[in-house]
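Structure, as structure tokens:
Computed from the coordinates by the stated procedures, all read-outs in this text should not be read as laboratory data. None of these values were measured; they are calculated from a predicted model. Cβ atoms come from the backbone with ideal geometry, glycine included; neighbour counts cover every protein chain shown.
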Amino acid sequence: MSSDTRTGGRLGSVADGYNDRFGHLFGEMNALQLLFLAASLVGLLAAPLWTSLLGVEGFLRTFALASIWAILAMGWDIQSGYTGYISFGHAVLSGGAAYATALLLTHVNPDLPFLVTAPISVLVALGIGLAIAIPSLRLRGPYFSLVTFVAGLIFYQLTYAFSGITGGELGQRVGRLQFEVAGLEVTTFDPVTRYYVMLIPMLVIAVALLYVARSNVGMILIAIRENEEAVAAAGIDTTKFKIWSFVLSSIPMGIGGVLLAYFYGTVNPVNFLLVDRSIEMIAMAVVGGMSSILGPVGGAFLVIFLREEVLYVFGTTGRWVALWTAVLLVLVFARDGLFRKLWHKLGDRGATGGDDE
Amino acid sequence: MLGSAISILVTGAMISAVYALIAIGFTMIFGVGGVLNLAHGALIMLGAYGYLVVTSSSTVEFLALPPVVGLVVAIAVGAIGSYGLYRGLVEYIEDNPVITFLATLVVALILAELAVVGFSASPRSLVNLAPGSYHHEGFGIRVTYIELVAFVASWVSIGLLWYYVTRTDEGRSILATSMSERGAQLTGVDLPSVKARTWVIAGGLAGLAGVFIGTLQQTSPVMWLDPLALAFIIVVIGGIGSIKGSIIAAYLIGYLETLTVELLGSGFRGTFSLIVLVIVLLVMPQGLFGREWVHE
């Protein structure tokens with residue numbers, strides 16, 4: 001008991017130190033929440049170690065994929081979750097970036113270095129994002145969602161209509177990632193390197209988006225969701241900020257799309273542009289807890305882990321039935337998301353612990 | 001030239017009639033409950049597979065009923081599915097539009113995956129309700145009888161629906177609810193039953209449309225997507241909640257698609273519809289007849 005309070009106290013002081021220094025940037029938290037985050041972070045960073053100790057090396061692939069989807073789910077969240085303008089076509093942004101990489105490699109020069117194709121691809125995602133945002137953001141509520149949904153369908157169809165360029169149903173090969181940083185060769189042929197290539201951008205994006213979400217911009221986005229008229233009445237140009245939310249969203253979506261392209265090695269309509277993909281990232285964000293950035297990360301890991309490792313017991317198609325049913329149950333019975341619930345539970349526990357001292 | 005113009009005129013009319021069937025149910029549910037039912041396409045799929053099961057012995061050995069019975073079954077399956085969806089799910093979550101949106105879409109995905117489990121991912125062909133076709137040498141027109149049946153069925157349903165919502169008390173309560181939920185409640189309209197009835201009607205129309213879509217295009221687990229997108233486009237152009245608007249918009253889109261396919265090829269089927277959609281949204285976001293029901 002006494003040792004418990006002591007660790008709580010020591011952790012508590014760590015948490016206080018964190019709150020003093022970074023709390024205003026990323027949000028305050030108590031000892032338990034900090035412990036939970038730190039444990040998750042260590043678990044992720046040390047995944048190659050513990051998976052090989054436990055003899056489940058296959059998990060690394062799943063975690064790499066989950067990291068990419070976490071980027072996409074966060075990208076969706078900063079736009080849709082925060083502003084309340086729910087986009088049903090976000091796969092177009094990531095898919096656009098993936099296709100940009102594939103098209104550059106296939107039609108321009110197969111030897112283009114990653115450090116050239118990747119920024120261009122992210123810019124393509126940004127361009128598509130703005131092309132969708134500027135006309136559609138004049139619409140509200142369901143109209144906005146409908147247009148983004150239809151935009152997704154159209155992009156999907158266009159890959160078939162222009163199959164001479166895009167490779168149609170089979171798509172295009174992008175091969176594996178290979179580049180040198182400071183004399184170190186990085187290649188996705190190696191599962192451990194691949195894992196870190198996917199994980200590190202995810203962590204960087206998570207920190208960046210958390211910072212943005214706590215900044216004034218994030219506050220205004222939330223205010224737009226809660227009461228757009230009030231924000232407009234305060235003299236703030238809401239359209240400008242909604243477009244900003246798309247910009248903030250397009251960049252991670254682009255990065256995620258490029259990483260996903262290198263993860264699979266091929267870019268095709270079904271893995272990148274099908275409406276199911278847009279819904280998947282929404283499902284991850286909702287399962288984790290919308291408008292929280294870290295919730296979607298948790299949701300992505302949970303959904304991908306279930307999909308890739310657990311639900312195969314229901315068969316290759318049955319796993320989708322089971323997964324979507326689970327998502328439906330969360331939607332109906334835990335609207336605010338599982339990880340938000342967990343987070344608040346930790347918050348309550350930590351708070352009462354603090355009172356005892 | 002004249003021949004191909006008339007041919008486009010006729011083909012366009014046939015497909016537009018089916019589109020109208022798809023869109024009306026979707027718009028009614030939005031008009032009455034304010035719910036966008038993204039499982040609408042899945043109800044269409046349900047109708048098509050329901051028809052497949054009872055009319056073709058390829059799924060159940062001893063079950064090969066006449067196509068007309070299949071048509072009735074398709075309508076019933078769509079209606080029951082739609083009613084079940086409302087009573088079992090939507091009723092509890094319709095206060096939150098985002099959750100309703102997502103949940104109905106997830107239901108559609110579940111049904112699509114179940115269709116893969118039950119009937120495999122490859123397309124199936126339906127027993128043709130009315131085989132054969134009419135061919136006019138002079139104009140170079142070819143119309144299949146199934147298209148004609150679809151056209152007639154569409155207009156018969158529209159006529160019945162019109163009679164129902166303007167001439168019967170039950171139907172008029174639907175119309176009243178779509179105009180003003182509060183007003184309808186104050187005049188003694190039983191809101192839950194009106195909503196449930198609307199879902200049943202929309203589901204029945206979807207099931208009926210499923211047979212025609214399934215025969216004319218394809219019956220496969222991905223068949224829910226295109227009709228859903230069409231329903232969106234049509235309903236937004238016609239004005240959400242307006243039956244008249246969706247019928248007119250259905251013909252607009254039907255002809256636009258027929259022209260596109262004729263001139264550019266089928267890959268661009270939906271592209272121009274989207275462009276029209278964007279223009280309509282920018283110029284008149286309420287659609288062609290967005291306020292029609294309020295004024296009537």
- Message: Strictly greater than 15 Å: what percent of every Cα pair in the stretch A:51-110 meets that?
- Response: 66 percent
- Whole-number Å³ per residue for the convex hull built on Cα positions in the stretch B:1-283: 139 Å³
- In debye to the nearest 20, the charge dipole size for the stretch B:1-283, taken about the Cα centre with +1 at each Lys and Arg Cβ and -1 at each Asp and Glu Cβ, equals 240 debye
- Message: I'd like the distance between the alpha-carbon centres of the stretch B:171-201 and the stretch A:197-276, rounded to an integer number of Å.
- Response: 40 Å
- Note on the structure: The simple spin-label model distance between B:ASN128 and B:LEU282, using points 7 Å out along Cα→Cβ, in nm, is 4.4 nm
- Item | Summed residue charge, Cβ within 13 Å of B:VAL222's Cβ, Lys/Arg positive, Asp/Glu negative | -3
- Please turn the phi angles of the stretch A:103-109 into ³J(HN,Hα) values with the Karplus equation 6.51 cos²θ - 1.76 cosθ + 1.60 (θ = phi - 60°), one per residue in order, whole Hz, x for glycine and proline. 5, 4, 5, 7, 9, 9, 6
- Query: Stokes-Einstein D for the stretch A:195-281 at 10 °C, 1.306 mPa s, Kirkwood Rh over Cα pairs, in µm²/s?
  - Reply: 106 µm²/s
- Item | Cα gyration tensor shape for chain A, rounded if a/c is under 1.5, else prolate or oblate | oblate
- Message: Please state the shape class of the stretch A:214-357: rounded when a/c is under 1.5, otherwise prolate if a/b exceeds b/c and oblate if not, all from the C-alpha gyration tensor.
- Response: oblate
- Calc'd 3J(HN,Hα), the stretch A:304-309, phi into Karplus 6.51 cos²θ - 1.76 cosθ + 1.60 (θ = phi - 60°), Hz, glycine/Pro = x, comes to 5, 5, 4, 5, 8, 10
- Message: Show me the helices of chain B, taken as full DSSP H stretches, that run 24 Å or more along their long axis by Cα and average 1.6 or above in Kyte-Doolittle hydropathy.
- Response: B:2-33, B:67-85, B:97-119
- Between the stretch B:40-55 and the stretch B:252-267, what is the C-alpha centre distance in whole Å? 26 Å
- Item | Local electrostatic count at A:VAL330 - Lys and Arg +1, Asp and Glu -1, tallied over other residues with Cβ under 12 Å | +2
- Item | Gyration tensor verdict on the stretch B:45-155 (Cα atoms; rounded if a/c is under 1.5, prolate if a/b is larger than b/c, oblate otherwise) | prolate
- Message: What does the net charge come to around B:ALA103 if you take all other residues with beta carbon closer than 13 Å to its beta carbon, with K and R at +1 and D and E at -1?
- Response: -2
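Give me the percent relative contact order of the stretch B:1-283, please, defined on Cα pairs under 8 angstrom at least 6 residues apart. All intermediate terms of the calculation are to be shown ahead of the outcome.
Details: 463 pairs, mean separation 103.7, N = 283.
Taking the mean separation of contacting Cα pairs over the length of the stretch B:1-283, I get 37 percent.
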- Note on the structure: In whole percents, the bins of 10 Å from zero upward hold the Cα-Cα pairs of the protein assembly as shown as 3, 14, 24, 25, 18, 10, 4, 1, 0, 0
